[in-house]
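Everything below concerns the one structure shown next.
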């Protein structure tokens, strides 16, 4: 980014980090109860990988994670994105957790904490247990049910995005939405394939124009966003034409925009070119008027434009339909994710208040700390408004924390911000324990 004096630099609070995936670095492929994954099967098949390389040993991070974390710390890194190996935690993709697998990730988290490095965890990085693949993989509902059981093992406090590529069963998506609402995360929803009967662009737009319910109906939530249509891809092994659900591609765009611009920026527009695709599927090609109808109904579209490529061209939550007047303040993905980001950040950094007397000195200290945090975001251009007073408000006093709150050990911090996208002032309330030990 460029500062006011023209020098290149990074915004206040920018954290340098590193990223890996379990199969790329862990090794220990058959040690301490780990089961085989689809990556093991693929890499061990003759001719699939140049040189016959596998992840059996890889970087041996399973045994050398302490060295890895020490190296990150020596470089001044403050964040580490890594993935959890599903077959290490649940060797066959079902049943009780593997204690030694959990011990490894707990030890890794403890090591990161000891070096003041924030863990950013991916629950699933395509290492499906081979046993589940043999039963049909992601094409059968049982795999989604097994993933829901596996995901319940998540103990990591920071969780931002969830995608279940190609899964559209209402029973699964409703559970996924509930999970994201509990975790202050956003769920990226797929529709059925745009090549499936009734899900071509003409059919979907026709149903919406006649107020006919889609089947299945995407879940309505301020913590979810649905993307349409599917994408044309090429099978990496056979080279044959294939199709893919969009959520995985869109998740990559979220990460790219978060890193380059910030969570307050909409992950959409002509700059969000999707890689690894030749365009949307033929039945998903739409006109501008058709997209207008989809947009009104909170279905975010993927479009392809000459000289631009295939891009994300919608940025609403599934609660953002024009007809849903009750939830218009959370109409846009960027506004909702900004609120979730503020909530997560404050909850994680205000735990020091737990043992403090719940009175004016604490309220003043909380106001100062939260104001400093919001001011840092204002300086990065995260809010509308040209001055701090136009952009955000922080209040923690006797009007937000009543005598009843004090008696119950609660202190309330009221935080409001003016989002960059058109919307009224958005208010969120942070409740923090105070004056008592944590249970």
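Note on the range 363-374: residues that are surrounded by fewer than 19 Cβ atoms within 10 Å (Cβ to Cβ) and either within 15 Å of residue 429 (Cβ to Cβ) or in contact with a strand residue (DSSP E or B) (Cβ under 8 Å, 6 or more places away or on another chain) (or both) amount to 2. Only residues that are touching a residue at least 12 places away in the same chain (Cβ under 8 Å), outside any strand (DSSP E or B) and over 16 Å from residue 224 (Cβ atoms) were counted in the range 296-308, giving 2.
Condition (residue is outside any helix (DSSP H, G or I), more than 12 Å from residue 413 (Cβ to Cβ) and in contact (Cβ under 8 Å) with a residue 24 or more places away in the chain) applied to the range 338-347: is it met by at least one residue? First the steps, then the outcome.
Step one: of the range 338-347, the residues outside any helix (DSSP H, G or I) are none.
No, because not a single residue in the range 338-347 is outside any helix (DSSP H, G or I), more than 12 Å from residue 413 (Cβ to Cβ) and in contact (Cβ under 8 Å) with a residue 24 or more places away in the chain.
When the test is whether a residue is at pLDDT 90 or above and either surrounded by fewer than 16 Cβ atoms within 10 Å (Cβ to Cβ) or more than 24 Å from residue 228 (Cβ to Cβ) (or both), residue 131 passes it.
Here are some conditions: (1) modelled with pLDDT of 90 or more; (2) at positive phi. Residue 276 meets all but one. Which one does it not meet? Among (1) modelled with pLDDT of 90 or more; (2) at positive phi, residue 276 violates only (1). Filtered by the rule that a residue be part of a strand (DSSP E or B) and either surrounded by 21 or more Cβ atoms within 10 Å (Cβ to Cβ) or not assigned by TED's automatic domain parsing to the domain that holds residue 293 (or both), the range 309-328 gives 310, 312, 316.
So that you can scan it fast, the table gives a plain yes or no per residue for (1) at pLDDT below 95; (2) within 30 Å of residue 255 (Cβ to Cβ); (3) out of contact with any helix residue (DSSP H, G or I) (no Cβ under 9 Å at 6 or more places or on another chain); (4) surrounded by 17 or more Cβ atoms within 10 Å (Cβ to Cβ):
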residue	(1), (2), (3), (4)
336	no, yes, no, yes
346	yes, yes, no, yes
349	yes, yes, no, no
388	no, yes, no, no
393	no, no, no, no
405	yes, no, yes, no
419	yes, yes, no, yes
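Applying the criterion of at least 3 residues that are crowded, with 16+ Cβ neighbours inside 10 Å and out of contact with any strand residue (DSSP E or B) (no Cβ under 8 Å at 6 or more places or on another chain) to the helices (runs of 4 or more DSSP H) found wholly in the range 31-128 leaves 38-44, 61-74, 99-114. Selection of the range 226-243 for residues being within 20 Å of residue 308 (Cα to Cα) and touching a residue at least 60 places away in the same chain (Cβ under 8 Å) yields 227, 228, 229, 231. Scanning the range 407-417 for residues that are surrounded by fewer than 17 Cβ atoms within 10 Å (Cβ to Cβ) and either within 20 Å of residue 329 (Cβ to Cβ) or at pLDDT 95 or above (or both) gives a single hit, 416.
Residue by residue, here is whether (1) surrounded by 15 or more Cβ atoms within 10 Å (Cβ to Cβ); (2) closer than 29 Å to residue 409 by Cβ; (3) in the same structural domain as residue 225 (by TED's automatic domain parsing); (4) more than 20 Å from the chain's Cα centre (by Cα) holds:
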{"position": "290", "(1), (2), (3), (4)": "yes, no, yes, yes"}
{"position": "330", "(1), (2), (3), (4)": "yes, no, yes, no"}
{"position": "333", "(1), (2), (3), (4)": "yes, no, yes, no"}
{"position": "379", "(1), (2), (3), (4)": "no, no, no, yes"}
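Of the helices (runs of 4 or more DSSP H) lying entirely inside the range 135-246, those containing at least 2 residues that are in the same structural domain as residue 309 (by TED's automatic domain parsing) and at pLDDT 90 or above are 170-183, 201-209. Filtering the range 145-157 for residues that are within 18 Å of the chain's Cα centre (by Cα) and closer than 14 Å to residue 247 by Cα leaves an empty set.
Out of (1) in contact with a helix residue (DSSP H, G or I) (Cβ under 6 Å, 6 or more places away or on another chain); (2) surrounded by fewer than 23 Cβ atoms within 10 Å (Cβ to Cβ), the odd one out for residue 303 is which? Here residue 303 meets the rest and fails (1).
Restricted to the range 426-439, and to residues that are in a loop (DSSP other than H, G, I, E, B) and surrounded by 15 or more Cβ atoms within 10 Å (Cβ to Cβ), which residue is modelled with the highest pLDDT?
Within the range 426-439, the match that is modelled with the highest pLDDT is 434.
The values are calculated or read from the model by the stated rules, or taken from the named source; none is laboratory data. Since the model is a prediction, treat every value here as computed from it, not as a measurement. Glycine gets a Cβ as well: all are built from the backbone with ideal geometry, and neighbour counts include every protein chain shown.
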